[in-house]
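Reviewing the structure listed below.
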């Protein structure tokens, strides 16, 4: 898409809700900067209140995880994460003590002190990443876990990615996931594990609900800051702004007519969960994320502030309890914003990160390895979550 057309779109956005003072696009700005600016300006357009008075949303309630059938695996995941960080976390650029990387709520169980295996992979496992909203549109610039995948592959864990449509709804992307898995060279003894990031969680869960043959091949799903129960940001976004993404990313990914954003609303996600039971043969695990305002990148603070009206424990895109799969297992809460846990802007685009994506450093190698080792331990021991 040409810069001139993007500038005209920004002009239309600013008439409705002016971009923050620190971002004013010019004809000499590059495409990646304009993409960053689009997110920044779009965030400033989020209206308040975020959730409208609505009788069409299914009945729901907020309860402690045990009442939702969610088992608590935080203690063991923390033990594994900390063992990895203490053993070799210092080798990676964004090392930090594990107690700074993982949030600890008051009800987290105490660890049992069992040893953590840190050798090469003991079981054949393929970690398949399902990316989030608009990833296809910016895949030339950034990819989730591009920094961490080589590390876990060196340990003997295979990794893969299904590039779903960046602007399509979850129903459409569910079919793409199924088609991609059918073409994967998965051996009969491999454990197929999906790491579903952000909107990828909605797409992946819908794929399992729609296609029984896919669930038969899937060992586990780990949702990472996943939009499981929806996000009020999507409910609050006007239709005109949803459709703007088609113009901004013209030529980068097929237009979606706002369907990707609709798939993220609480109204649609809760309705889908109410009407569909997830296959019991698959194990479900969730990692949520939240931080205080200072831990959120500058570009994401407008949406963090809006979500804080619902709950200040959010990652700028998802409230902590909306990221948990009912009937699954909770692995932990990451102390980071929505992009830091998976998108290595600080390494791939340091100048952009220094100005806008200012809290992007996170030990992603340790995180991805901890997920792989937790799952391997569970499969190896035959643990049923």
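Observations, loosely collected:
- Per principal axis, descending, Cα span of the stretch 245-385 in whole Å: 47, 35, 35
- Backbone N atoms of the stretch 335-364 closer than 18 Å to the 7 Å Cα→Cβ label point of residue 294 belong to residues 335-337, 358-362.
- Exposure proxy ranking, count of Cβ atoms within 10 Å, fewest first, for 222, 181: 181, 222
- Degrees, to the nearest 10: 170-183 long Cα axis against longest axis of the chain: 50 degrees
- Ordered from longest to shortest, the equivalent ellipsoid semi-axes for the stretch 303-366 are 24, 16, 7 Å, each the square root of 5 times a Cα gyration tensor eigenvalue.
- Based on Cα atoms of the chain, Rg over Rh with Rh as the Kirkwood radius reads 0.95.
- Taking the average, over residues, of other Cβ atoms within 10 Å as the packing measure, peptides 115-127, 184-196, 136-148, 224-236 rank 224-236, 136-148, 184-196, 115-127 from highest down.
- Ordering 91, 301, 347, 364 by the number of other Cβ atoms within 10 Å of each residue's own Cβ, fewest first, gives 91, 347, 301, 364.
- Relative packing of 330-343, 163-176, which averages over residues the other C-beta atoms within 10 Å, highest first: 330-343, 163-176
- Calculated [θ] (222 nm, deg cm²/dmol) that DSSP helices of n ≥ 4 give over the chain, each run adding -39,500 (n - 2.57): -11000 deg cm²/dmol
- With Cα atoms, 0 to 90° folded angle of helix 364-381 axis to the chain main axis: 40 degrees
- Kirkwood Rh in Å, taken over the stretch 84-154 so that all alpha-carbon pairs contribute: 15.7 Å
- Residue of 53, 197, 211 that the Gaussian network model of the chain assigns the largest fluctuation, springs spanning Cα pairs under 10 Å: 53
- Ordering 158, 199, 183 from the fewest to the most neighbouring beta carbons within 10 Å gives 183, 158, 199.
- Antiparallel bridges, percent of DSSP beta bridges restricted to the chain (to nearest 5): 10 percent
- Rounded to 10°, Cα long-axis angle of helix 266-275 versus longest principal axis of the chain: 40 degrees
- Full extension of the chain segment joining residue 187 with residue 68 gains 39.4 nm, where the gain is 0.36 nm per residue of separation less the Cα-Cα distance.
Every read-out reported here was derived from the displayed coordinates using simple, explicitly stated rules and does not represent laboratory data. All values reported here derive from a predicted model rather than from experimental measurement. Virtual Cβ from ideal backbone geometry, glycine too; neighbours counted across all protein chains shown.
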